[in-house]
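Reviewing the structure listed below.
Bear in mind that the values in this text are calculations on the coordinates, not laboratory data. Every value quoted in this text rests on a predicted model; they were computed, and no experiment measured them. Backbone-built Cβ (ideal geometry, glycine too); neighbour counts: all protein chains shown.
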Amino acid sequence: MENADVFLGLHDFLERMRQPSASDFVKSIKSFIVSFSNNAPDPERDGASVQEFFAKMEGAFRAHPLWSGCSEEELESAGEGLEKYVMTKLYSRVYASLADDVKIDEQLSDKMALIQQFIRPENLDIKPNFQNESSWLLAQKELLKINMYKAPRDKLVCLLGCCKVISNLLLNASIASNENSPGADEFLPVLIYVIIKANPPQLHSNLLYIQRYRGQSRLTGEAAYFFTNILSAESFISNIDANSLSMEETEFEKNMESARALLSGLSTDVESSSNKSNLDERVARNSELVETSSQASNSGTEPAVRPNSPESKPSTEGPHVKYQSTVMEVSTLSDLESKGAAMLLNDHTRKQAFRDYPYLFAQVGDLTFNDVEELLNQYQHVVFKYVSLSKGLSLRSSSPSSSSSEMHSHHNPESFKEPEDVRDVTSNDESAGETHTMIDGPDGTSLFGEENVGSGLMQDKVVLPQHEGNDTTSLS
């Protein structure tokens, strides 16, 4: 089932839940969410509880007049809508809920950050005719979308998208070289290589989340096969050593040390650049304030500080301090660049920040003619973003909220516009004692309240009028 179909399925599910005859379903769903949220995290118990609730509700759907005469596809769609709704509500409560899982995420990401510095396809015994690193970037891009979504199915679709790109590339390569169709022995090494190169944040937690909360009846067939391969790839990467990469032990350790030195050197260089830039900026700013003070005195203009104000009292500090308190500090472009560079020292943040620019680390030989259009689009977005930021800082006229919204809407290459039938529904949840807002995202993602998609993409909203007779028993 495609994303559009699932989106329509969720919409249909919510529409049915607004019917008066669905009030018992609505109460059961809200009651489950509230009681579940009040319990302390216990992944094994939580997973079993959610799976049991889904099975019970889907069985009740089949026997209810609301779905009388519906096809199996429509009933399946209702189950998908239920899963998306419930798990998006519970996402912050169940995702990466244990410190141990978070620690494993960090360790795995750190290891991949090192290994990706020196690993080559031949280290995983990938045959030359199956090597296609430029096209593998497409698989990496699919994989890196996983943290944009909250519903288990949507995360799984990202993993399957990655696997299908690899599978198709291998199949085409085998046809071109007149070889037999590739199997698991050819597929798994390429998958491992792609995962290492992509280094998706929180891979371990994402896989656990899908295992625990994706409907078990739906994790079958091709989805189950590819998901099992990804679990195997994660296990391989976690335990990777010299033998795993067909290397001598001394060569492996040397490469790991070189990678550590490289990443450490990047950290040192950025910190040094940041400190120097901040120092130069402070000196320039203070000089400007002193000059402003001098000009005001010589011209006889009214000083920026009123005579009776506390700031006008004598001080043993330099003259720039007196005026600095009345000047609204606005970060310069240099400040923002330095701050951002320092933030990129975090390996997890760096990989996530660059996920929209897969060509950043590509070599000239990796690029093809088909890459030109995407490169040009990315270049235009980056230039527009940088120039807009520069202008905004120099004019100092736009509010932070408006400029932030405009920046997202104009230059985020991954931003989507919602279709016309996207709904924004708000209702008071009396049973939970809070107000929920439901936004159906353009990709089928259902976002609720303050919980937003992991990517931080801005979303347009279209208000859906409430049906007459609806009350707070409806889902929102």
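Here are a few things to note about the model shown:
- Two-site FRET efficiency, SER71 against SER49, from Cβ-Cβ distance with R₀ of 22 Å, rounded to 0.05: 0.15
- Of the cross-linked pairs LYS30/LYS155; LYS56/LYS164; LYS30/LYS164; LYS84/LYS111, those separated by over 31 Å at the C-alpha level are LYS56/LYS164; LYS30/LYS164; LYS84/LYS111.
- Residue-span extension gain [SER217 to ALA63] - 0.36 nm each, minus C-alpha spacing: 53.6 nm
- Charge dipole (debye, nearest 20) of region 99-255; +1 at Cβ of Lys and Arg, -1 at Cβ of Asp and Glu: 900 debye
- Counting charges near LEU171 (Lys, Arg +1; Asp, Glu -1) among other residues having Cβ under 15 Å from its Cβ returns a value of -2.
- Size of region 99-255: Rg and Dmax of its alpha carbons, in Å, are 15.6, 50.
- Calculated SAXS-style log₁₀ I(q)/I(0) at q = 0.15 Å⁻¹ - region 3-94, Debye, Cα scatterers: -0.58
- Estimated at 0.36 nm per residue, the fully extended path between SER134 and GLU257 surpasses their Cα-Cα distance by 41.6 nm.
- Ordered from longest to shortest, the equivalent ellipsoid semi-axes for region 141-187 are 28, 9, 6 Å, each the square root of 5 times a Cα gyration tensor eigenvalue.
- Note: relative contact order over region 99-255, using C-alpha pairs below 8 Å and six or more positions apart, is 34 percent.
- Seen from all directions on average, region 177-256 presents a Cα convex hull projection of 7.3 nm².
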